[in-house]
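Structure, as structure tokens:
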Amino acid sequence: MIAAANDYFDMFVKEPQVETPFAKPCDRWENGTQTTLGGTFQGKEYIPHDCSPKGLVITNHSPRRFLVDVEEGIVVAYVHFAGNLPDFHMFKMRNGKVEYIQAVIGSAAKSTGWPLEPVCN
């Protein structure tokens, strides 16, 4: 599970040397906003959601620290994304493949995806 998370971050280069085992479909969110490509028809062919970051070049995702829940199939990676964005990525895996990714980017991001006003009951 950690290898799949590591491979994901190692794909953010011009020519990735690794392949993350993505399920088809795979969905990804950043700060509560779905960012997955795909989920469309090209003619009669359905192109499933794809979590691959191929083509997006962002370097320096170090250091990486992992927390794994094997029973639930979840691995959380704590990183400094692009060297200065404290964030975590949570990967939900099933049958050895990544089905869902949730990225929560820290204070340098424009938005957390949460409302600015506190929730009041």
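List VAL79, VAL57 from most exposed to least, where exposure is judged by having the fewest other Cβ atoms within 10 Å.
Arranged by neighbour count, lowest to highest, VAL79, VAL57 become VAL57, VAL79.
Mind sorting TYR78, TYR8, TYR100 by how few other Cβ atoms lie within 10 Å of their own Cβ, fewest first?
TYR78, TYR100, TYR8
Quote the Stokes-Einstein diffusion coefficient, in whole µm² s⁻¹, for the range 2-105, based on the Kirkwood radius over alpha carbon pairs, a temperature of 4 °C and a viscosity of 1.567 mPa s.
So the translational diffusion coefficient is about 92 µm²/s.
So for ILE105, ILE58, fewest C-beta neighbours within 10 Å to most, what's the order?
Going from least to most buried by this count: ILE58, ILE105.
Under a 5 Å amide H to amide H cut-off, with H placed in plane at 1.01 Å, what residues pair with MET93 once short-range neighbours are removed?
Counting only residues 5 or more places away or on other chains, the set is ILE74, VAL75, GLU99.
Can you run phi through the Karplus equation (6.51, -1.76, 1.60; θ = phi - 60°) for the range 79-85 and list ³J(HN,Hα) in whole Hz, with x for Gly and Pro?
Using θ = phi - 60°, the values come out as 9, 9, 5, 6, x, 9, 9 Hz.
Summing Lys, Arg as +1 and Asp, Glu as -1, what charge do residues with Cβ under 15 Å from the Cβ of PRO16 carry, PRO16 excluded?
Every neighbour counted, the sum reads -3.
What list of ³J(HN,Hα) values in whole Hz, one per residue of the range 57-74 in order, does the Karplus curve 6.51 cos²θ - 1.76 cosθ + 1.60 (θ = phi - 60°) give from phi, with Gly and Pro shown as x?
These are the phi-based 3J(HN,Hα) values: 9, 9, 9, 6, 10, 10, x, 10, 10, 10, 10, 10, 10, 4, 4, 8, x, 10 Hz.
Taken together, the values in this text are just the output of simple stated rules run on the coordinates, not laboratory data. The structure presented is a predicted model; accordingly, all values stated were derived computationally and were not measured. In this analysis, Cβ positions are derived from the backbone assuming ideal geometry, glycine residues included, and neighbour counts consider all displayed protein chains.
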